[in-house]
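Beneath this line is the structure, given in structure tokens, with notes to follow.
The values are calculated or read from the model by the stated rules, or taken from the named source; none is laboratory data. None of these values were measured; they are calculated from a predicted model. Here Cβ is always computed from backbone atoms with ideal geometry, including for glycine, and neighbour counts include all displayed protein chains.
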Amino acid sequence: MPEHYVPDNLPERIQHYIDGSLVDSISGATLDVLDPVTNRAYVTAAAGQAADVDRAVAAAKRAFDDGPWPGMLPRARARVLNRIADAVEAQDARLAELETFDTGLPITQALGQAQRAAENFRFFADLIVAQADDAYKVPGRQLNYVNRKPVGVAGLITPWNTPFMLESWKLAPALASGCTVVLKPAEFTPLSASLWAEIFAEAGLPDGVFNLVNGYGEEAGDALVKHPDVPLISFTGETTTGQLIYRNCAEHLKGMSMELGGKSPAVVFADADLDAALDSTLFGVFSLNGERCTAGSRILVERSVYDEFCERYAARAANVVVGDPHDPATEVGALVHPEHYEKVMRYVEIGKSEGRLLAGGGRPEGLEQGNYVAPTVFADVTPDAHIFQEEIFGPVVAIAPFDSEDEALKLANSVTYGLAAYIWTADLTRAHTFAQQVQAGMVWLNSHNVRDLRTPFGGVKASGLGHEGGYRSIDFYTHQQAVHITL
Ligand code: NAD
């Protein structure tokens, strides 16, 4: 194995960013951040508590109440957002090495994340400049129009998978809308978020508009959710955390957007282009280490091609290269954290009594330390199995056969989640009919993962609440006041 790569110039410590300054926690509390390849703490991050959140929210509120940002012309805000996009894009190589080091994602998959993040800023810069609000006229009697206003201080809480990109997904529309923000990144992976402070400062974002508090969810996240001066929370993370946040938002009737877990089906009919379906379903669960909310982690295959599919799938899975995340040959790197590794390994063990193990099933040979899991394939998994029902969030897939379209639909819909679905068939009428009936917020027909930024993003059932994407994000971060005039 090549020697483990450690990026140059890692920060000596990771701090909060409040009102334009890098600061430690008021209490001095810190948390250890682990390198997923060695599981050694390589840096400490400030562990924010309620007092730090109070400070950040106060700065964001001042910037909202007294600062120029919410009232700036959309075009002026857009200029800042475009400068942010340029600065983000210029960091692609640096971001990729930091993200890979901190999260364990393969370097080839971390590269390009900055471009995706930059596109989010450019997209929302364009959208606010082009924003048109409704006006309704009753000739000679009434004029009614919509006055759109940013909601205030937005609390943004994000997970550890592709952390920087997912942060941009919330930061861009919140800032574009004129909100000020407090971001609470995931405690496992605070490294890449530490790039934001400089990016925003260089782009000319006024102090206090962007604030970042690191720390544990139960402390910093909880304080942000419960803060009375934060009228809305945009959350991405696990369903159980979302449920708790939902309850905690109730007291102040906060606006909420919830992007939660998934157990998405990939449905392969016998008439599908099997080569393409194989490529896609392998990518669907083994890219990003399987730590992907839209992972196609259940594959349903029509009986007549089931054996062939399983055999070819397992052979390909067994050849997926697991290794050091910084090695360009690596296809599956190290899982983010030992706690998460333990969780995934528990499911691998459970799976051995719930399905027929076709590939993987434990730690790959030759990788004695670090959070490595061999791409694991279980076939003949029944719908009541834990590995069929529960989100594993690792490189583990459950395959099951079906005999009819009705059965495929029933299986697809038989879980609590409803984030994504992937349909593989040559029959387009069937594809569209299935899409209509499948309980999923997003459906890909004979394709995967490409989406236009204007489309809605979000899940149904236990996978989320509300939709972001395009003007829906602007709707979330703004109030639409109706103004009525009698003529
Ligand atoms: P998590 O729920 O454990 O944590 C997410 C964030 O919430 C972290 O910043 C955490 O510190 C914070 N948090 C935890 N407890 C909190 C509390 N009581 N109050 C406030 N904040 C709290 O999720 P994770 O393990 O970091 O991320 C993986 C999960 O995210 C998976 O379930 C995955 O499917 C989901 N996810 C969903 C999407 C989507 O768009 N639907 C995208 C990415 C990830």
Test: residue in segment 290-299 that is surrounded by 23 or more Cβ atoms within 10 Å (Cβ to Cβ) and away from the ligand (no atom under 16 Å from the Cβ): yes
Any hit, segment 115-124, residues being within 19 Å of Asp8 (Cβ to Cβ) and at pLDDT 95 or above: no
Single match in Asp475, Asp427 (criterion: out of contact with any strand residue (DSSP E or B) (no Cβ under 8 Å at 6 or more places or on another chain) and without any contact (Cβ under 8 Å) to a residue 12 or more places away in the chain): Asp475
Checklist (1) within 27 Å of Gly441 (Cβ to Cβ); (2) more than 16 Å from the ligand (Cβ to nearest atom); (3) outside any helix (DSSP H, G or I) applied to Gly366, failing item: (1)
Matching residues in segment 207-259 - criterion: being near the ligand (Cβ under 7 Å from one of its atoms), under 23 Å from Ala45 (Cα atoms) and among the polar types (S, T, N, Q): Thr236, Thr241
Check on Thr189, at pLDDT 95 or above, polar (S, T, N, Q), surrounded by 23 or more Cβ atoms within 10 Å (Cβ to Cβ) and more than 13 Å from the ligand (Cβ to nearest atom): no
Options Arg122, Arg148; residue that is more than 30 Å from Pro395 (Cα to Cα) and out of contact with any strand residue (DSSP E or B) (no Cβ under 9 Å at 6 or more places or on another chain): Arg122
Hits in segment 132-177 (condition: within 16 Å of the ligand (Cβ to nearest atom) and in contact with a Cys (Cβ under 6 Å, 6 or more places away or on another chain)): Ala154
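Taking strands (runs of 3 or more DSSP E) that fall entirely within segment 380-479, which contain at least 2 residues that are of a type in the set (Phe, Trp, Tyr) and modelled with pLDDT of 95 or more? Can you show your working first?
Numbers: elements: 396-402, 420-424, 442-445.
Passing ranges, in order: 420-424.
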Of all residues making up segment 379-422, the number that are touching a helix residue (DSSP H, G or I) at 6+ places or on another chain (Cβ under 7 Å) and among the acidic types (Asp, Glu): 2
Residue list for segment 99-112, filter: in contact with a Ser or Thr (Cβ under 7 Å, 6 or more places away or on another chain) and surrounded by 24 or more Cβ atoms within 10 Å (Cβ to Cβ): Glu99, Asp102, Thr103, Pro106, Ala110
Selection from segment 353-389 of residues that are within 22 Å of Leu34 (Cα to Cα) and among the hydroxyl-bearing types (Ser, Thr, Tyr): Tyr372
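I'm trying to understand the selection: among the residues of segment 447-487, which are polar (S, T, N, Q) and within 16 Å of the ligand (Cβ to nearest atom)?
Listed by number, the residues that qualify are Asn449, Thr455, Ser463, Ser473.
Every residue, every condition in (1) in contact with a helix residue (DSSP H, G or I) (Cβ under 9 Å, 6 or more places away or on another chain); (2) in the same structural domain as Glu368 (by the TED database); (3) assigned to a helix (DSSP H, G or I); (4) farther than 15 Å from Ala193 by Cα, yes or no:
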| site | (1), (2), (3), (4) |
| --- | --- |
| Val6 | yes, no, no, yes |
| Leu31 | no, no, no, yes |
| Val57 | yes, no, yes, yes |
| Ala63 | yes, no, yes, yes |
| Ala76 | no, no, yes, yes |
| Arg79 | yes, no, yes, yes |
| Asn82 | yes, no, yes, yes |
| Ala87 | yes, no, yes, no |
| Glu97 | yes, no, yes, no |
